[in-house]
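No lab work stands behind these numbers, since they all come straight from the coordinates. Model, not experiment: these values are computed from the prediction. Glycine gets a Cβ as well: all are built from the backbone with ideal geometry, and neighbour counts include every protein chain shown.
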Amino acid sequence: MINKLKDIDNRWLYIAAVLILIPALFINLGLMSFIDDEAIRALVALEMKMSGNYIVPTMHGAFYYSKPPLFNWILIIFYNLSGVVNEWTTRIPTTLALMGYGYTIFYYFRKHFDTYTAVVNAFVLITCGRILFWDSMLGLIDITYSWVTFTAFMVVFHEFKKGNFLRLFVLSYLLTGIGFMLKGFPSILFQGFTLLTWFLVEKQFKKLFTWKHILGGLVFVAIVGSYYFFYFNYNQTERVFEGLAQQSTTRTFIDQGWWNTFEHLFTFPFEMLYHFLPWSLLIIHFVRKDIRSQIQENRFIFYLLVIFLVNIIVYWTSPQVYPRYVLMHAPLLFGVFVYLHQKNKGSLQFKLAEGAFFLFVAVFVGISFLPFFMKDLQDQPNYLLKTIVVMIPLFLSAYLFVVKKDSRLLLLAIFLLIARVGFNWFVLPERNAEDSGAIVKETSVEIGNQYKDKPLYIFNNTRMQPANSFYLTVTKGEIIHFCRDTLPQGAPFILDPSRNEDLEYQKLGEIYMRHLDQRYFDVGKLRGNKEIRNEGIR
């Protein structure tokens, strides 16, 4: 029976990949406490929900300028549908967006290649190390934003190929507007670089100066302009766009300096190679004399590489870049990798890549035995059953990887999804038990419950951490404001002791801070009949 498995039809592998994807993405999704970037998204959405003002983002009741509100609206929809505001409901949009992103890759690649290649490209994105073992577990903007941006890239190529320039401009600017409402100015850069580059490559530069392009631009203006028309009814200030611009430039040479930028030019490729393992190893196919001619043989592949190179420059020249910022570019390069790998079967590059994948599978198979030897892993509920449930399909997919040569890329993706299930069951609980985020949540929830129906403020010079702020707010059930002007007499407040050494107050509690030298902030109230106003203590 085992021998017959090597003849299994690829359609069953497609079904298996989709079925395994569900537990891989959803088991223990809400277990880990928020990282601060997640907490910012959740807190801004929560304050919108609490205030009933869905136009103006705030944090602690103060204007928040760093991002437009579309992702917050998405979170609010899930909060309202579920009736719960927590880690699970904040991360669900990310997992659904990732699945939608994968389907979009399949849809467009299927227009150019067979079903197997299209499926592989979809799952290569989902199972790259950075997404599978990190970003798919977080309630952040980036996967949703990358999905929208990648779709815009695809629209430009396919509508250009059809000669339908009206649809090209209208749809791509529609997606650019949606992207702007998610993350701001980067969408304008991507749209501009992509259109300018491809129209120049195809010698259709004059098409950019037509009424159709103007109409597309008006679609963008309508989306973004209509939002800010309502926004400026609440807050008329130039800081709105200054905040968005600062978010776009703070990680570039403008803020980081020339030396850091120069160093980053050399380290960036290697950092990305690491984060996007194992599929990034396919870059070895670029080490061949005829690489240029092979890529130019297929116009779609040529487009993918050109648009990748043009748009990645923004991040290659920005010293402070997280891998999640380039997720919209990943399937562009992965598509080229998969194309070259399938085109050059039997080559030295092909053999080296396959050898590396074999090693990768062997290492993970070895890791799967750890629950039998590590006491901490054996402390997990039903550890033996979970180990068997993971090991059997893991070994089966490893066997098929060896014997079913023409399906190895897909089988490696399935193998990685099974490994993620094991990661969810064994690594996440262990990580959560040791994570300082658990203390952040525990102490913040304790204070939030203690002051659930009582006033609570934040002292005006306190460096609040977003995760603490979210857990305090969601537990207390109301927005917690900074006391920038007046602190009522006898009112409790949160403060940073290291910044208020001369302040006389009665300590009432404390909360743990994850990222500061001052690990605990105090909850207290002023001694005696004193109150704080903007001119000092009285």
What FRET efficiency comes out for the pair PHE185/ARG11, r = Cβ-Cβ distance, R0 = 56 Å, nearest 0.05? 0.80
Largest first, please: the extent of the C-alpha atoms of the range 348-434 along each principal axis, to the nearest Å. 45, 23, 19
Footprinting proxy, TYR399, TYR173, TYR14: sorted fewest to most Cβ within 10 Å, the residues are TYR399, TYR14, TYR173
What's the extension gain from ASP114 to PHE395 if we count 0.36 nm per residue and subtract their Cα-Cα distance? 98.4 nm
Share, in percent, of DSSP beta bridges within the chain that are antiparallel, nearest 5: 80 percent
Find the centroid of the Cα atoms in the range 347-366 and in the range 1-63, then give the distance between the two in whole Å. 30 Å
As a Kirkwood estimate from alpha-carbon pairs, the range 144-221 has a hydrodynamic radius in angstrom of 12.2 Å
For the range 437-537, averaging the sequence separation of alpha carbon pairs under 8 Å that lie six or more residues apart and dividing by its residue count, the contact order in percent is 31 percent
Partners for LYS207 among lysines (Cα-Cα distance below 21 Å; same-chain residues under 8 apart left out): LYS161, LYS162
Where nothing but the Cβ of Lys and Arg (+1) and of Asp and Glu (-1) is charged, how large is the charge dipole of the chain around its Cα centre, in debye to the nearest 20? 1860 debye
Go ahead and run the numbers for FRET between ASP453 and ARG167, Cβ-Cβ distance against an R0 of 60 Å, rounding to 0.05. 0.60
What are the lysines whose alpha-carbon lies under 22 Å from the alpha-carbon of LYS289, with same-chain residues fewer than 8 places away excluded? LYS343, LYS345, LYS351
Which distance in Å, rounded to a whole number, links the C-alpha centroids of the range 104-137 and the range 492-530? 49 Å
If contacts are Cα pairs under 8 angstrom and at least 6 residues apart, what is the relative contact order of the chain in percent? 17 percent
Please state the relative contact order of the range 348-434 as a whole percent: Cα pairs under 8 Å, 6+ residues apart? 28 percent
Residue exposure sequence - CYS128, CYS483 - by fewest surrounding Cβ within 10 Å: CYS483, CYS128
Quick one: which residues, 5+ away or cross-chain, put their amide H under 5 Å from the amide H of GLU510? H built at 1.01 Å from N. VAL523
For the range 437-537, taking Cα atoms only, what is the radius of gyration to one decimal and the Dmax to the nearest whole Å? 12.6, 38
Nonlocal Lys pairs with alpha-carbon distance under 16 Å, the range 392-483 (8 or more apart, or different chains): 4
Arranged by the count of other C-beta atoms within 10 angstrom, fewest first, what order do TRP88, TRP425 take? TRP88, TRP425
Nearest 10 degrees, 0 to 90: what angle lies between the long axis of helix 348-367 and the longest principal axis of the chain (Cα atoms)? 50 degrees
Modelled FRET efficiency - R0 56 Å, ASN500 with LEU277, Cβ distances, 0.05 increments: 0.75
Round to the nearest 10 and give me the degree value, 0 to 90, for the angle of helix 36-51's Cα axis relative to the longest principal axis of the chain. 60 degrees
In the chain, what is the volume of the convex hull around the alpha carbon atoms, normalised per residue and reported in Å³? 179 Å³
Could you state the angle between the C-alpha long axis of helix 87-109 and the longest principal axis of the C-alpha atoms of the chain, as a value from 0 to 90 degrees rounded to the nearest 10? 20 degrees
